[in-house]
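Engineer: Here you go, one structure.
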Amino acid sequence: MHNILLFLRSKIAWIGMVYAVWILVYLLFALGFYYSGFSYSFDWNLFVYSGLVVTFLLILFLLWRGMKEVPSYALLQQLADQNVVQFQASKGNSLEFDLFWQAYHKLYEQMKADQMQLEQIHKRHLQFIHIWVHQMKTSVSSLSLLAQQYESEQKAHVLEEIDTLNDGLELALTMARLDHFTQDYQIKAVRLVDFVRQVINEKRKLFIRLHIFPKIEMEKEDMEALTDLKWMKFVLEQLIQNACKYTAQVKKEARLTFHIWEEEKQIRLSIKDEGPGIPKQDIPRIFDPFFTGENGRQFAEATGMGLYLVKNIVTSLHHAYEVESEVGVGTTFHILFQKVTKM
């Protein structure tokens, strides 16, 4: 029915023109009789009869054209809905549709060839990124071993730079993997308290070096959420690194609080720092790629990609997220997980 209505809408101008010509012809004949000297009076019966004949012929014409064009509208609708990729136009289709389909088919084949070429280029690029990152990680590990020979003050500085290199390499590797996210994740029940403790333990050198004291607050130990450990580990590490990096710029010692509590249908993990806070005008854009904001320029070097990746990963895992911040007080990131329902 929808396609029939589309067909009739496309023929409204034709229908209007047919009736306009009919009325014009009728009036011309009437005027012709009148000026030829024939006595003539307007005949309603003849007018209605001629109108019915015109309508009948018009309906026959529309039925004939409809049998050809309505199937074409149906195919175009499927094409618009991306349900048709390849299709052989039958002889019953309209000439306009056949011409359109030939043009579309040529453009589709060209697009497919270009897409395959771009995919090959992208694949080679990703392979290079993976190889390069792993090679750099090997070199960074060697530098870590060499750094042990330095004196304590020099050693701390070198290890700090090595950690920065490691973080940058991990960021590049995660960004390269993100394109294949759907093929590389596994959702399962995770005990959030244990997960947070594990990440904090792995980041203990960062906390010690910057004098940041992590603290976990929770309602109970056994709260479980559905997520992917590997991807969420990257998310939590990024949030910790950002919090520590900016907080250390404004305080010699500070706390980083991890609050885990249970809501009706979900579990909320909040990471609260005591850093400089995010200016109000920057908050809507902190998840945009390459956006560093006022803090990135004022306090520390920033790539603007960490929170962009955090947003993409959290969204892909179907977790909600929220940000609260006050300049001079600190920032709190909230991640909301689906709660494991115990039978």
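Engineer: Assuming residue 112 fulfils every condition listed in (1) of a type in the set (D, E, K, R); (2) in a helix (DSSP H, G or I); (3) at pLDDT below 75 apart from one, which condition is it?
Structural biologist: (3)
Engineer: Then there's this: Looking for whichever is in contact with a Leu (Cβ under 8 Å, 6 or more places away or on another chain), at pLDDT 90 or above and among the aliphatic types (A, V, I, L, M) here; the options are 278, 335, 283. Which one fits?
Structural biologist: Details: 278 fails: in contact with a Leu (Cβ under 8 Å, 6 or more places away or on another chain); 283 fails: in contact with a Leu (Cβ under 8 Å, 6 or more places away or on another chain).
Step by step, each of 278, 335, 283 is checked, and only 335 is in contact with a Leu (Cβ under 8 Å, 6 or more places away or on another chain), at pLDDT 90 or above and among the aliphatic types (A, V, I, L, M).
Engineer: Among the listed residues 293, 306, which satisfies the condition of being crowded, with 20+ Cβ neighbours inside 10 Å, under 24 Å from the mean Cα position of the chain (by Cα) and either outside the structural domain of residue 242 (by TED's automatic domain parsing) or small (Gly, Ala, Ser) (or both)?
Structural biologist: Answer to the selection: 306.
Engineer: I would also like to ask the following. Across segment 309-323, what is the total count of residues that are part of a helix (DSSP H, G or I) and surrounded by 15 or more Cβ atoms within 10 Å (Cβ to Cβ)?
Structural biologist: 6
Engineer: For residue 173, only one of the following conditions fails: (1) in contact with a His (Cβ under 9 Å, 6 or more places away or on another chain); (2) more than 29 Å from residue 248 (Cβ to Cβ). What is its number?
Structural biologist: Only one criterion is unmet by residue 173, namely (2).
Engineer: Is it fair to say residue 152 is at pLDDT below 75, in contact with an Asp or Glu (Cβ under 6 Å, 6 or more places away or on another chain) and outside the structural domain of residue 316 (by TED's automatic domain parsing)?
Structural biologist: Values: at pLDDT below 75: yes; in contact with an Asp or Glu (Cβ under 6 Å, 6 or more places away or on another chain): no; outside the structural domain of residue 316 (by TED's automatic domain parsing): yes.
No.
Engineer: Then there is this: Cβ-Cβ under 7 Å, sequence separation 6+ or interchain: first residue in segment 324-343 and surrounded by 15 or more Cβ atoms within 10 Å (Cβ to Cβ), partner among the aliphatic types (A, V, I, L, M) and assigned to a loop (DSSP other than H, G, I, E, B). Which pairs?
Structural biologist: Close Cβ pairs (under 7 Å, with a partner that is among the aliphatic types (A, V, I, L, M) and assigned to a loop (DSSP other than H, G, I, E, B)) amount to 325/278; 331/278.
Engineer: Select, from 203, 272, the only residue that is within 25 Å of residue 158 (Cα to Cα) and touching an Asp or Glu at 6+ places or on another chain (Cβ under 9 Å).
Structural biologist: Testing whether each residue is within 25 Å of residue 158 (Cα to Cα) and touching an Asp or Glu at 6+ places or on another chain (Cβ under 9 Å) leaves just 203.
The values are calculated or read from the model by the stated rules, or taken from the named source; none is laboratory data. As the structure is a computational prediction, the values presented were derived from the model and not from experiment. FYI the Cβ positions are ideal-geometry reconstructions off the backbone, even for glycines, and counts take in every protein chain you see.
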